[in-house]
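Student: Handing you a structure now.
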Amino acid sequence: MAEAFIDVNVQLAFVSQRVGKIIPQISLAFFIGFSLATGSLAETAAVAPKKTIVFLGDSITAGYGLAKGDAYPALIQKKIEEAGLPYEVENAGLSGDTTAGALRRIDWLLQRPIHVLVLELGGNDGLRGLPPGVTEANLQSIIDKVRARSPLTRIMIAGMRLPPNLGADYTGEFEQVFSDLATKNGAVLVPFLLEGVGGNRGLNQPDQIHPTAAGQKIIAETVWKRLQPLLQTK
């Protein structure tokens, strides 16, 4: 019995000695694992969410008659990803939309932050013969609403031209709206969104109004030349 009692004590001492060596090792492993895990979480938390670019426009922005990926905002998104810029595009183009229609829906769009707003509107106003002053007032109201919510939102205005059969005085006054708005609001101006596309039968659909996929690629290049520097500005 005495020998058995001694054996048990020896075994307990041996286990105690082993546990004493194992526990620090476990603690060290746990500490390393915990540090790595928390470091990974901190790194994830440090990654800023992407900023939003909203393209507010009509059928040209919506990509009327084309696949969604062929519209120029989608092509701009690809360029953004290739450039490694932290922006996400939202295509808020609506076929047939006017400046008044866009003004009515801007509050809904402002439910999420807008870091860059690209305004491509007014063409349908012009084709309907609306006074250019009305178009300008609606676009200014859209800009005012956006800036009231977010003063640092950057604005890009896409200029548009009308067919000459509407008269030189009217078309001239209409075209002036976009440059005046850009100057007044410190916005970036694309003088003519359809540069190289408008009037080119091979780059427009049978209606000769809406660009083909090839035409949309040219529009994307036109916009990107002025948008890229804007996105790289802090």
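The values are calculated or read from the model by the stated rules, or taken from the named source; none is laboratory data. Being a predicted model, the structure only gives us computed values, none of them experimental. Positions of Cβ are generated from backbone atoms using ideal geometry, with glycine treated the same way; all protein chains shown enter the neighbour counts. Note: accessible area is taken over every heavy atom of the protein model, side chains too, but ligands, DNA and RNA are not part of it. Shrake-Rupley method; radii C 1.70, N 1.55, O 1.52, S 1.80 Å.
Student: What are the residues in the stretch 79-98 that are touching a residue at least 40 places away in the same chain (Cβ under 8 Å) and touching a Lys or Arg at 6+ places or on another chain (Cβ under 6 Å), if any?
Tutor: Scanning the stretch 79-98 gives a single hit, 87.
Student: Kindly evaluate residue 143 against the criterion of being within 19 Å of residue 183 (Cβ to Cβ), touching a strand residue (DSSP E or B) at 6+ places or on another chain (Cβ under 7 Å) and not in a helix (DSSP H, G or I).
Tutor: Numbers: within 19 Å of residue 183 (Cβ to Cβ): yes; touching a strand residue (DSSP E or B) at 6+ places or on another chain (Cβ under 7 Å): yes; not in a helix (DSSP H, G or I): no.
When the stated conditions are applied, residue 143 does not pass them.
Residue-wise test of (1) within 30 Å of residue 114 (Cβ to Cβ); (2) touching a residue at least 40 places away in the same chain (Cβ under 8 Å).
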| site | (1), (2) |
| --- | --- |
| 161 | yes, no |
| 172 | no, no |
| 176 | yes, yes |
| 188 | yes, yes |
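Student: Here's a follow-up. For the stretch 63-131, which fully contained helices (runs of 4 or more DSSP H) count at least 3 residues that are farther than 21 Å from residue 51 by Cβ?
Tutor: 99-109, 123-127
Student: Would you mention how many residues in the stretch 210-227 are open to solvent by 10 Å² or more (accessible area, probe 1.4 Å) and either without any contact (Cβ under 8 Å) to a residue 24 or more places away in the chain or of a type outside the set (A, V, I, L, M, F, W, C) (or both)? If you could, list the steps in order and put the result at the bottom.
Tutor: First pass over the stretch 210-227, keeping only residues open to solvent by 10 Å² or more (accessible area, probe 1.4 Å): 210, 212-214, 217-218, 221-222, 224-226.
Among the residues that remain, those that are also either without any contact (Cβ under 8 Å) to a residue 24 or more places away in the chain or of a type outside the set (A, V, I, L, M, F, W, C) (or both) are: 210, 212, 214, 217-218, 221-222, 225-226.
The number of residues fulfilling the criteria is 9.
One line per residue, one yes/no per condition, for (1) open to solvent by less than 30 Å² (accessible area, probe 1.4 Å); (2) modelled with pLDDT of 95 or more; (3) in a loop (DSSP other than H, G, I, E, B):
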residue	(1), (2), (3)
165	no, no, no
171	yes, yes, no
175	no, yes, no
179	no, yes, no
183	no, yes, no
189	no, yes, no
194	yes, yes, yes
198	no, yes, yes
202	no, yes, no
